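Student: Submitted below is the structure of interest, expressed as structure tokens.
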Amino acid sequence: MDTRAFDFTVIFSVVPALLSYLDVTLAVVLASIVLGSLWGAAISGAKVAGGKALRGLAHGYTYVMRCTPSIVLLFIVFYGLPVLVRTVSGENIHDLHRGVFAVITFALLFGAYISEVFRAAYLAVPRGQYEAAVSIGLSPLKAVLHVILPQAARIALPNFGNSAINLLKEGSLAYTIGLVDMLGKGNLIIAQNFGAYGIEIYLACILIYWGLVLLLEAAFARLERALSRGQGQAAKASEGSWLAVWQKIRFWERAERSERHGLEY
């Protein structure tokens, strides 16, 4: 059997060709994160504030998605969704860009995982803060938007970042349905060389993914620091006003007790 020696130079020579398709990879990942986050927020809302039946459906969906391998769901969406659409509406969606099926798949998966992150972060914020915000005149909607969600976002950010990084790696499976992204381009180069240089090309893909992950980690770490710093400044700014409110409450409590016991205050 004729084999080729490992060629270290191929790793770096093939990187420009792989990077030319990086935009496809990033487009699939970003679209999946945006749509999956919206879907996950809806599922999380159903778990927190929905009725018994809606909560059961939301938890059931999360369980099914978390137990389904990514590649299996990708094949089901790619091969099954066109059949379902044609059966229901008679429309033919076989000609859709393969990236659409990849985005649908990964958005469904990401929404299931991130819904638990959102739910846990929302429940981690003390309920008393919502009640205090409403008691000082904020509407329930404004209390959630301006008091609860900013704190929940800071709590959810680390796990959200981890889920986004996992999705970036899961997105490499999109080549299995014929999407020519970065990894798909790598497989095409291997095929053009009759199966040669496979190790070198996959190592080049690994290096690129490492770089992307490091950039994402740095971006989420910086965002987390910014949110923590902003919350600290807001807490310092509001400390005086909350202290004044607390002092007034204590004053009127003492006055009421004194009046009740017939004492001069």
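The values are calculated or read from the model by the stated rules, or taken from the named source; none is laboratory data. Because the structure is predicted, anything quoted here is derived from the model rather than measured. Here the Cβ positions follow ideal geometry from the backbone for every residue, glycine too, while neighbour counts run over all protein chains shown.
Student: How many residues are charged (D, E, K, R), at pLDDT 90 or above and over 22 Å from the mean Cα position of the chain (by Cα) when one looks only at segment 61-96?
Tutor: Going residue by residue through segment 61-96, those that are charged (D, E, K, R) are 66, 86, 91, 95.
From the residues that got through so far, the ones that are at pLDDT 90 or above too are 66, 86.
Imposing the further condition that a residue be over 22 Å from the mean Cα position of the chain (by Cα) reduces the set to 86.
The qualifying residues number 1.
Student: For residues that are assigned to a helix (DSSP H, G or I) and more than 25 Å from the chain's Cα centre (by Cα), tally how many sit in segment 131-156. It would help to see each step written out before you state the result.
Tutor: Going residue by residue through segment 131-156, those that are assigned to a helix (DSSP H, G or I) are 131-135, 140-156.
Adding the requirement that they be more than 25 Å from the chain's Cα centre (by Cα) leaves 131-135, 140.
Count: 6.
Student: What is the number of the single condition among (1) under 22 Å from ARG119 (Cβ atoms); (2) small (Gly, Ala, Ser); (3) modelled with pLDDT of 95 or more that ALA31 does not meet?
Tutor: Going through (1) under 22 Å from ARG119 (Cβ atoms); (2) small (Gly, Ala, Ser); (3) modelled with pLDDT of 95 or more one by one, ALA31 breaks only (1).
Student: Here's another thing I want to ask about it. Anything in segment 77-93 that is of a type outside the set (Gly, Ala, Ser) and loosely packed, with under 15 Cβ neighbours inside 10 Å? List them, or say none. Step through it out loud before you land on a result.
Tutor: At the first step, the residues of segment 77-93 found to be of a type outside the set (Gly, Ala, Ser) are 77-79, 81-88, 91-93.
Once the filter is applied, which keeps residues that are of a type outside the set (Gly, Ala, Ser) and loosely packed, with under 15 Cβ neighbours inside 10 Å, segment 77-93 yields TYR79, VAL83, LEU84, ARG86, THR87, VAL88, GLU91, ASN92, ILE93.
Student: OK, next. With the requirement that a residue be within 19 Å of VAL125 (Cα to Cα) and either surrounded by fewer than 16 Cβ atoms within 10 Å (Cβ to Cβ) or hydrophobic (A, V, I, L, M, F, W, C) (or both), what does segment 159-171 give you?
Tutor: Residues of segment 159-171 that are within 19 Å of VAL125 (Cα to Cα), as a first pass: 159-160.
If the condition is that a residue be within 19 Å of VAL125 (Cα to Cα) and either surrounded by fewer than 16 Cβ atoms within 10 Å (Cβ to Cβ) or hydrophobic (A, V, I, L, M, F, W, C) (or both), then PHE160 is the only one that fits.
Student: Please work out which residue is farthest from PHE160 (Cα to Cα), limiting yourself to segment 1-48 and to residues that are hydroxyl-bearing (Ser, Thr, Tyr) and assigned to a helix (DSSP H, G or I). Walk me through it before giving the result.
Tutor: In the first step, residues of segment 1-48 are kept if they are hydroxyl-bearing (Ser, Thr, Tyr); the result is 3, 9, 13, 20-21, 25, 32, 37, 44.
Then drop every residue that is not assigned to a helix (DSSP H, G or I), which leaves 9, 13, 25, 32, 37, 44.
Details: THR9: 37, SER13: 34, THR25: 19, SER32: 13, SER37: 9, SER44: 14 Å.
Restricting to residues being hydroxyl-bearing (Ser, Thr, Tyr) and assigned to a helix (DSSP H, G or I), the top hit is THR9.
Student: Given the conditions (1) farther than 30 Å from LEU141 by Cα; (2) among the hydrophobic types (A, V, I, L, M, F, W, C); (3) modelled with pLDDT under 95, and given that VAL103 satisfies all but one, which numbered condition is not satisfied?
Tutor: With (1) farther than 30 Å from LEU141 by Cα; (2) among the hydrophobic types (A, V, I, L, M, F, W, C); (3) modelled with pLDDT under 95 applied to VAL103, the lone miss is (3).
Student: Within the group ALA156, ALA152, ALA143, ALA133, which residue is in contact with a Lys or Arg (Cβ under 8 Å, 6 or more places away or on another chain), buried (at least 17 other Cβ atoms within 10 Å of the Cβ) and at pLDDT below 95?
Tutor: Values: ALA156 fails: in contact with a Lys or Arg (Cβ under 8 Å, 6 or more places away or on another chain); ALA152 fails: in contact with a Lys or Arg (Cβ under 8 Å, 6 or more places away or on another chain); ALA143 fails: in contact with a Lys or Arg (Cβ under 8 Å, 6 or more places away or on another chain).
Criteria check complete, one pass: ALA133.
Student: Mind checking which residues of segment 117-136 are of a type outside the set (Ser, Thr, Tyr) and touching a residue at least 60 places away in the same chain (Cβ under 8 Å)?
Tutor: Selection gives VAL117, PHE118, ARG119, LEU123, ILE136.
Student: Looking at the structure I just gave you, is TYR61 touching a Lys or Arg at 6+ places or on another chain (Cβ under 9 Å), surrounded by 13 or more Cβ atoms within 10 Å (Cβ to Cβ) and not hydrophobic (A, V, I, L, M, F, W, C)?
Tutor: Details: touching a Lys or Arg at 6+ places or on another chain (Cβ under 9 Å): no; surrounded by 13 or more Cβ atoms within 10 Å (Cβ to Cβ): yes; not hydrophobic (A, V, I, L, M, F, W, C): yes.
Criteria not met by TYR61.
Student: For segment 66-88, indicate whether the set of residues that are more than 25 Å from SER163 (Cα to Cα) and among the polar types (S, T, N, Q) is non-empty.
Tutor: yes
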